[in-house]
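Down below is the structure, laid out as structure tokens.
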Amino acid sequence: MGFFKKLTGAALACTMLTGAAVAQEMTFFRIGTGGAGGTYFPIGGIIANAISNPPGSRACEEGGNCGVPGLVAIAQSTNASAHNVNAIQAGQMEAGLSGAATLHFAYNGIGKYEGNAKPDLRVIANLFPEDLHLVLPKGGSLDGIGDLKGKRVGIAQAGSGTQIAVELIIGDHGVNRDNIDEAELSNSQSSERIADGQLDAYFYAAGTPVAAMIQLDNTKGMELYNWTEEEIAQANKTVPYYIPSTIPAGTYPGVQYDVNTVAVSGILVTNANIDEELVYQITKSMWSKTARKLLDNGHPKGKAITLETALDGVAGIGVPLHPGAERFYREAGVLQ
């Protein structure tokens, strides 16, 4: 951050207009994402790029980026959902990505957030579905989720949204930390352990295709567990924000079969105390023509991030929209 602060001198923080140097205020906007091997990190980077328009940049109407004038958005790699909601509540980051389940639990102070609610969380947009992958070594199989007992299982990073949901879901099948050898690892670390034979299975929720799994699939190979209808129904009952989903055959070239699973929405979240006008401008810039090009070309999941789906499922999470975002969606006719 110190590097950026040094760039606030006249050379960067001013633009030339009719021969006179006019100071333009620079605003930093930190976006918490996830690990480099997942989907949050690249998607967060695309969003940061789309909403930025640093001092001295060409204006949107002049062919420049259609971000917020003077805004420098920075995507930061983090431990994903749980880390991000904590940091946003504490004012350590201005925004971040979170799974809908974690967002619901944190805002309402339930589950692992009992007595530790995050009341200042506010929604900017629903982004994309995150499929829960249960990854197995090539040729591996399970006779149901209960078959994880006695195995070495990656349950995602400590306190992450995936871990919170996974422990609830596997608990319905009699699986818990007492009868598995659990590993609290990132997606990349987990895939490496699968490849090295140090894990028997691991869970990870992310938008497909996931970079670390593409690499695993291309090198050692992998299998994805195909959930039964009963397991999907039970998971949806226990964690209502995980809904039925399918990872189509060929999403990962080595997995040539449809994988039935559950998925949770990835949400862009901010703090209630962030300036309403700033969030309005950020929300508006997310759906600009240049943002559309960046999303469509930057990551396969980017195409799923649309204005038409920006409010899908948001009402059911029970977390309010930020007033700035709400104002934009009303003006755009998306919210009545």
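Packing around the peptides 141-150, 310-319, taken as the average count of other Cβ atoms within 10 Å per residue, puts them in this order, highest first: 310-319, 141-150.
With all protein chains present, how much of the accessible area of the chain (probe radius 1.4 Å) comes from carbon and sulfur, to the nearest whole percent?
C and S fraction of accessible area: 51 percent.
Can you tell which of SER188, GLN198, LEU168 lies farthest toward the positive end of the dipole of segment 167-207, using +1 and -1 charges on the Cβ of basic and acidic side chains (Lys, Arg; Asp, Glu)? Towards the positive end, the residue furthest out is SER188. The alpha-carbon of LYS149 sits under 14 angstrom from the alpha-carbons of these aspartates and glutamates, leaving out residues fewer than 8 places away in its chain: GLU167, ASP172, ASP178, ASP181, GLU182, ASP200. The amide H of GLY99, built 1.01 Å from its N in the peptide plane, has SER81, ILE267 as neighbours under 5 Å, considering only residues 5 or more places off or on other chains.
Round to the nearest 10 and give me the degree value, 0 to 90, for the angle of helix 161-171's Cα axis relative to the longest principal axis of the chain. It is inclined by approximately 20 degrees. The Cβ shell under 10 Å around VAL319 holds other residues with a net charge of +2, Lys and Arg each +1, Asp and Glu each -1. Just read off the accessible area of HIS173 with the full protein assembly in place, 1.4 Å probe, to the nearest 10 Å². Ignoring ligands and nucleic acids, HIS173 comes out at about 50 Å². Packing around the peptides 156-163, 301-308, taken as the average count of other Cβ atoms within 10 Å per residue, puts them in this order, highest first: 156-163, 301-308. With coordinates expressed along the principal axes, the C-alpha atoms belonging to segment 187-310 extend over 51, 34, 25 Å, beginning with the largest. Residues whose amide H lies under 5 Å from that of LEU321, counting only those 5 or more places away or on a different chain, are VAL123; hydrogens are built 1.01 Å from N in the peptide plane.
Please report, in debye to the nearest 20, how large the charge dipole of segment 87-198 is about its Cα centre when each Lys and Arg carries +1 at its beta carbon and each Asp and Glu carries -1 there.
Taking the Cα centre of segment 87-198 as origin, the dipole is about 60 debye.
Restricting the calculation to Cα atoms, every distinct pair contributes to the Kirkwood radius of segment 232-300, found to be 15.5 Å. Amide H contacts under 5 Å for ASP258: ALA249, restricted to partners 5 or more places along the chain or on a different chain, H placed in the peptide plane at 1.01 Å from N.
Size descriptors for the chain (Cα atoms only): Rg and Dmax, in that order, 20.9, 74 Å.
Lysine pair count for segment 199-336 (Cα-Cα distance under 28 Å; residues 8 or more apart in sequence or on different chains): 9. Normalised size of segment 42-135, defined as Cα radius of gyration per 2.2 N^0.38 Å with N residues, equals 1.29.
Accessible area per residue for segment 198-336 is 44 Å², calculated with a 1.4 Å probe on protein heavy atoms, without ligands, DNA or RNA.
The values are calculated or read from the model by the stated rules, or taken from the named source; none is laboratory data. The structure displayed is predicted, hence computed values, not measured ones. Glycine also receives a Cβ, built like all others from the backbone with ideal geometry; neighbour counts cover every protein chain displayed. Ligands, DNA and RNA are stripped out before the accessible areas are found, and what is left, the full protein with its side chains, is counted by its heavy atoms. Shrake-Rupley method; radii C 1.70, N 1.55, O 1.52, S 1.80 Å.
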